[in-house]
Amino acid sequence: MNDAANSAIAHLIDGRLHDLGDGFNVRRMLPHIQARHVGPFVFFDHMGPVSFAPGRGIDVRPHPHIGLATVTYLFDGAIRHRDSLGSVQDIRPGDVNWMTAGRGIVHSERTPDAERAAGHAVHGIQIWVALPRDAEEITPEFHHHPVSTLPVVERDGVHVRLVVGEALGLRAPVRVFAPMFYLAAEFSAGGRFILPAEYAERAVYALDADLSIDGETLSAGRMAVLAAGREVEIAASAPARAVFFGGAPLDGERHLYWNFVSSSRARIEQAKQDWIAQRFAQIPGETEFIPLPAQ
Ligand code: MN
């Protein structure tokens, strides 16, 4: 075991479990007191795995976002996204949904009809990426990139898919606004992967089995924020899934309140008032909404 000064791991993060209702648990890894963000990644929820009985499913009613992009990636199941731009899109394992909220968007996330009727399992990750200051108020957009369009590297017993950004000499099709990367890895027993030092801020999340990072153990369900400036070897002695992500440091701090992210506290207050007054655009065909939480 390395001593602390020489450790590849700067911070170890234990998630907090949140029950979103109906037994649907998420493990929230970011923000955390030890790591308010990693590169532009300001929020990280590990959803499930959860099994829904026939007739049950996810119903995240319409709610607003500003100042961020949401990134959804599934390992199992399906989620139907609808938004105030008129987008209607089912996401399935290996696809990426990237929604740029910019100056404001409203979306809902629900289990598609067929999966709800049959019963199904859901397992995935939802991340929020803070937009750079000069892009916080851009026009909202929604992009879906199917699994077949994402770059893949397979070597040394590890299958790695580039979900977002640039890494390993590859570039994902998702349009991003700052230097970043997000890799989804599946290790076979004995698999090993070298994560280069190219980004100043990086983290590793072990989804379902322990990993070794330069010989130090990262237990399943924990996140390691890596020390800057050195490549690390990530290894698994049993089959394991993990994600690696990070980027250049954010251009200043961000305020987070509910579903809003901004460099300006006043802008967050404006978004709260806009939601209370129903000044956001609506999702065609949807009338429900999540009220602003009590203070
Ligand atoms: Mn949302």
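Is it the case that T100 is hydroxyl-bearing (S, T, Y) and within 15 Å of the chain's Cα centre (by Cα)?
So T100 passes the test.
Test each condition in (1) out of contact with any helix residue (DSSP H, G or I) (no Cβ under 9 Å at 6 or more places or on another chain); (2) within 16 Å of the ligand (Cβ to nearest atom); (3) not in a loop (DSSP other than H, G, I, E, B) for P64 and report the one that comes out false.
Answer for P64: the failing condition is (1).
Quick one: which strands (runs of 3 or more DSSP E) sit completely within the range 225-278 and have at least 3 residues that are away from the ligand (no atom under 16 Å from the Cβ) and open to solvent by less than 20 Å² (accessible area, probe 1.4 Å)?
Fully inside the range 225-278 and qualifying: 232-235, 240-247.
Restricting to the range 67-94, what's the tally of residues that are over 21 Å from P40 (Cα atoms), open to solvent by less than 20 Å² (accessible area, probe 1.4 Å) and away from the ligand (no atom under 14 Å from the Cβ)?
Looking only at that region, the number is 3.
Checking the conditions here, which among A121, A167 is more than 16 Å from the chain's Cα centre (by Cα), open to solvent by 20 Å² or more (accessible area, probe 1.4 Å) and farther than 18 Å from H63 by Cβ?
One residue alone meets the criteria, A121.
Residues that are within 14 Å of the ligand (Cβ to nearest atom), modelled with pLDDT of 90 or more, open to solvent by less than 40 Å² (accessible area, probe 1.4 Å) and acidic (D, E): does the range 45-53 have at least one?
Checked against the condition, which is being within 14 Å of the ligand (Cβ to nearest atom), modelled with pLDDT of 90 or more, open to solvent by less than 40 Å² (accessible area, probe 1.4 Å) and acidic (D, E), the range 45-53 yields at least one hit.
I'd like to verify a number: residues in the range 187-208 that are farther than 20 Å from D45 by Cβ and among the acidic types (D, E), how many?
1
Residues P40, P49: which one is touching a Leu at 6+ places or on another chain (Cβ under 8 Å) and touching a residue at least 24 places away in the same chain (Cβ under 8 Å)?
P40
Specify the residue that is farthest from H18 (Cα to Cα); the eligible residues are those in the range 206-221 that are polar (S, T, N, Q) and either in contact with a Gly (Cβ under 6 Å, 6 or more places away or on another chain) or part of a strand (DSSP E or B) (or both).
The selected residue is S212.
The values are calculated or read from the model by the stated rules, or taken from the named source; none is laboratory data. The shown structure was predicted, so the numbers you read here are calculated from the model rather than taken from an experiment. Cβ atoms come from the backbone with ideal geometry, glycine included; neighbour counts cover every protein chain shown. Each accessible area value is taken on the protein alone, full model and side chains, heavy atoms only, with ligands, DNA and RNA left out. Shrake-Rupley method; radii C 1.70, N 1.55, O 1.52, S 1.80 Å.
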